[in-house]
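Here the structure is laid out as structure tokens; the discussion comes afterwards.
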Amino acid sequence: MARILETRPLTPVTRYFLIDAPLIAASAQPGQFVMLRVREGGERIPITIADFDRKAGTLTLVIQAVGATTKRVCELGAGDDILDLVGPLGSPIELPEHGHVCGVGGGFGSAALLCLMRELAARGDRTTAIIGARNKELLILADELRSVCDDVEVCTDDGSEGFKGFVTQRLAQLIDGDGPGRPDYVVAIGPMAMMRAVAETTRAPAVKTLVSMDPLMVDGTGMCGGCRVIVGGQSKFACVDGPCFDAHEVDFEIAMRRNKAYAKQERSASDRFDCMKSKGAM
């Protein structure tokens with residue numbers, strides 16, 4: 001079990017968790033993830049590590065309540081235990097040797113940029129974070145990213161804060177030399193559609209780009225084969241070969257289709273959870 005030390009809402013559907021996990025924190029690196037389970041018989045879900053503190057022995061996770069299991073996690077409070085927490089899993093992100101690195105975060109994916117940007121800043125690299133959401137109420141960790149980045153570009157679909165438009169539009173402007181300037185390297189973390197759009201934005205100008213893939217995953221150790229993605233025409237397992245891959249080599253069409261394979265069952269489980277909660281049967 002892993003004890004929750006602190007939790008707070010970041011948006012109406014997204015929560016911050018600080019978790020006592022010294023063994024995981026001791027070896028965690030940017031780009032890795034954990035698998036967690038909240039109840040006996042429940043599913044295991046992958047969550048990207050947002051941050052870690054080796055000295056304090058803590059992990060930071062940011063979880064958006066979108067399905068039955070994530071909703072169950074977000075019902076937990078400080079002092080509660082997560083039944084199972086396994087990690088760090090996956091391969092660390094391949095950091096560039098030097099240059100201007102731009103992290104692009106969509107929605108709750110912005111949280112996963114935090115430890116990466118901190119690592120790059122500690123090495124003295126130039127860093128820019130572009131984070132986006134539908135409106136300013138859904139933006140997360142902007143202040144935390146400002147504390148570790150040279151520049152933070154905020155984008156909202158409705159223009160309620162920062163640049164009005166998508167993260168890809170602002171990224172294209174940076175590549176053209178606007179603002180902080182052209183990045184040498186891009187890392188995108190967020191919804192699959194957003195990462196695909198980033199890959200297309202950087203393809204023609206040939207800016208090396210990594211994406212953190214989040215396919216359906218059962219065990220996180222390469223045993224089930226459920227997290228297959230096609231990269232460069234070859235089948236890879238996101239849990240052990242990734243989760244970060246060359247964006248220009250990923251077959252997003254197949255990845256997005258596979259992620260929708262159990263959409264009906266996921267909606268049904270989420271509806272059952274909501275029904276149980278409304279009846280006080282949890």
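Between residues in the stretch 190-218 that are under 14 Å from D251 (Cβ atoms) and residues that are open to solvent by 50 Å² or more (accessible area, probe 1.4 Å), which pairs lie under 8 Å by C-beta distance while being six or more apart or on different chains?
M192/D214; P215/R228; P215/R258
On the basis of being on the phi > 0 side of the Ramachandran plot, in contact with a Lys or Arg (Cβ under 8 Å, 6 or more places away or on another chain) and not acidic (D, E), does G220 make the cut?
It is true that G220 is on the phi > 0 side of the Ramachandran plot, in contact with a Lys or Arg (Cβ under 8 Å, 6 or more places away or on another chain) and not acidic (D, E).
Any chance you could count how many residues in the stretch 171-185 are farther than 24 Å from Q32 by Cβ, touching a residue at least 40 places away in the same chain (Cβ under 8 Å) and open to solvent by less than 40 Å² (accessible area, probe 1.4 Å)?
The number of residues fulfilling the criteria is 4.
If I go through the stretch 230-250 residue by residue, how many of them are over 22 Å from F33 (Cα atoms) and either exposed (fewer than 14 other Cβ atoms within 10 Å of the Cβ) or aliphatic (A, V, I, L, M) (or both)?
Going through the stretch 230-250 one residue at a time, the tally reaches 3.
Within the group L18, L85, which residue is in contact (Cβ under 8 Å) with a residue 40 or more places away in the chain, open to solvent by 20 Å² or more (accessible area, probe 1.4 Å) and in contact with a Ser or Thr (Cβ under 6 Å, 6 or more places away or on another chain)?
Just a single option satisfies the conditions, and that option is L18.
Quick one: how many residues across the stretch 186-203 are over 15 Å from the mean Cα position of the chain (by Cα) and open to solvent by 20 Å² or more (accessible area, probe 1.4 Å)?
Number of matching residues: 4.
Which strands (runs of 3 or more DSSP E) sit wholly inside the stretch 20-132 and have at least 2 residues that are within 11 Å of the chain's Cα centre (by Cα)?
Here the list reads 45-48, 58-64, 100-106.
For the stretch 41-51, which residues satisfy the criterion of being open to solvent by 70 Å² or more (accessible area, probe 1.4 Å) and touching a helix residue (DSSP H, G or I) at 6+ places or on another chain (Cβ under 8 Å)?
Filtering the stretch 41-51 for residues open to solvent by 70 Å² or more (accessible area, probe 1.4 Å) gives 41, 43-44.
The answer is E43, and nothing else.
Looking only at the stretch 178-213, count every residue that is of a type in the set (D, E, K, R), touching a strand residue (DSSP E or B) at 6+ places or on another chain (Cβ under 7 Å) and under 29 Å from K260 (Cα atoms) and tell me the total.
Residues in the stretch 178-213 being of a type in the set (D, E, K, R), touching a strand residue (DSSP E or B) at 6+ places or on another chain (Cβ under 7 Å) and under 29 Å from K260 (Cα atoms): 1 in total.
Would you be able to say whether some residue in the stretch 56-72 is open to solvent by 30 Å² or more (accessible area, probe 1.4 Å) and modelled with pLDDT of 95 or more?
Within the stretch 56-72, one or more residues are open to solvent by 30 Å² or more (accessible area, probe 1.4 Å) and modelled with pLDDT of 95 or more.
All but one of (1) open to solvent by 50 Å² or more (accessible area, probe 1.4 Å); (2) aliphatic (A, V, I, L, M); (3) over 20 Å from A112 (Cβ atoms) hold for V38; which doesn't?
(1)
Would you pick out the residues in the stretch 186-213 that are assigned to a loop (DSSP other than H, G, I, E, B) and touching a Pro at 6+ places or on another chain (Cβ under 7 Å)?
Once the filter is applied, which keeps residues that are assigned to a loop (DSSP other than H, G, I, E, B) and touching a Pro at 6+ places or on another chain (Cβ under 7 Å), the stretch 186-213 yields V207, M213.
Given the structure, is P9 in a strand (DSSP E or B) and surrounded by fewer than 20 Cβ atoms within 10 Å (Cβ to Cβ)?
yes
Is it true that E137 is over 18 Å from D51 (Cα atoms), part of a strand (DSSP E or B) and more than 17 Å from the chain's Cα centre (by Cα)?
The answer is no for E137.
For the stretch 1-20, which positions are farther than 24 Å from G107 by Cβ and either among the hydrophobic types (A, V, I, L, M, F, W, C) or touching a helix residue (DSSP H, G or I) at 6+ places or on another chain (Cβ under 8 Å) (or both)?
Within the stretch 1-20, M1, A2, L5 qualify.
The values are calculated or read from the model by the stated rules, or taken from the named source; none is laboratory data. Predicted, not measured: the structure shown is a model, and the values here were computed from it. No Cβ is skipped: glycine too gets one built from the backbone with ideal geometry, and neighbour counts run over all protein chains shown. Areas reflect the complete protein model, heavy atoms only, side chains present, ligands, DNA and RNA absent. Shrake-Rupley method; radii C 1.70, N 1.55, O 1.52, S 1.80 Å.
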